[in-house]
Amino acid sequence: MLDHSCQVQRHPLAERGLDLYETPDVAVEALLRVEKIPHRVWEPAAGRGAIVRVLRDRGHDVITSDVFDYGGLDFVADFLAQERMPDGCEAIVTNPPFQIANEFVAHALDLCPHVVMLLRLAFLESERRCEILEGCGLACVHLFRKRLPMMHRDGWQGRKANSGMAFGWFVWIRGYNDGPTILDRISWER
């Protein structure tokens, strides 16, 4: 059953399984138009490789992992149990499982100086996230002017539509603590 009370269509956690919602190519392409991503990056929630394909097509060297083997990964592992970055990786770029997004961000910030995550804009709203949103290097949030297309749970058989939630790319850079977080409106359509 969907919860329509606030127009956010949430499914029970049991139905969401591993929380795999593939990132639309256009979202990654929009990120690359506005953000300089290091050459070698780690995608620790790679799923079926949506982000990876776009980054590799643009010349990036991407190390892939996920907690489940969807195929084509460099290794299978729980990101939250990793103690270091893969060799040579300079950034983490991912669309984390939303059930554990707080933990993903906090762990990524411990491991890496440059973290880029696709998150709901509602991620900005919370007292419990102060430790990962304030004074931790949140340099920029590239928020989409229009809702992203086709953000459907893996295996979804229902109606296909644009996302009912607003998303943005959150960019943390270790050492960026002096200035305010920049809010940058971007488009996935151009």
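The values are calculated or read from the model by the stated rules, or taken from the named source; none is laboratory data. Everything numeric here is computed off the predicted structure, so don't read it as measured data. In this analysis, Cβ positions are derived from the backbone assuming ideal geometry, glycine residues included, and neighbour counts consider all displayed protein chains. For accessibility, only protein heavy atoms count, side chains too; no ligands or nucleic acids. Shrake-Rupley method; radii C 1.70, N 1.55, O 1.52, S 1.80 Å.
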- Among VAL52, VAL115, which is over 20 Å from PRO24 (Cβ atoms) and β-branched (Val, Ile, Thr)? VAL115
- Residue list for region 1-48, restricted to those being small (Gly, Ala, Ser), at pLDDT 50 or above and not in a loop (DSSP other than H, G, I, E, B): ALA27, ALA30
- region 88-106 residues that are under 20 Å from VAL54 (Cα atoms), paired with ones that are of a type in the set (Gly, Ala, Ser) and at pLDDT 95 or above (beta carbon under 6 Å, 6 or more apart): ILE92/ALA108; THR94/ALA45; PRO96/ALA45
- List the pairs whose first member sits in region 29-42 and is of a type in the set (Phe, Trp, Tyr), whose second member is open to solvent by 30 Å² or more (accessible area, probe 1.4 Å) and at pLDDT below 95, and whose Cβ atoms are under 8 Å apart, counting only residues at least 6 apart or on separate chains? none
- Query: Considering only region 75-96, how many residues are open to solvent by 60 Å² or more (accessible area, probe 1.4 Å) and not in a strand (DSSP E or B)?
  - Reply: 7
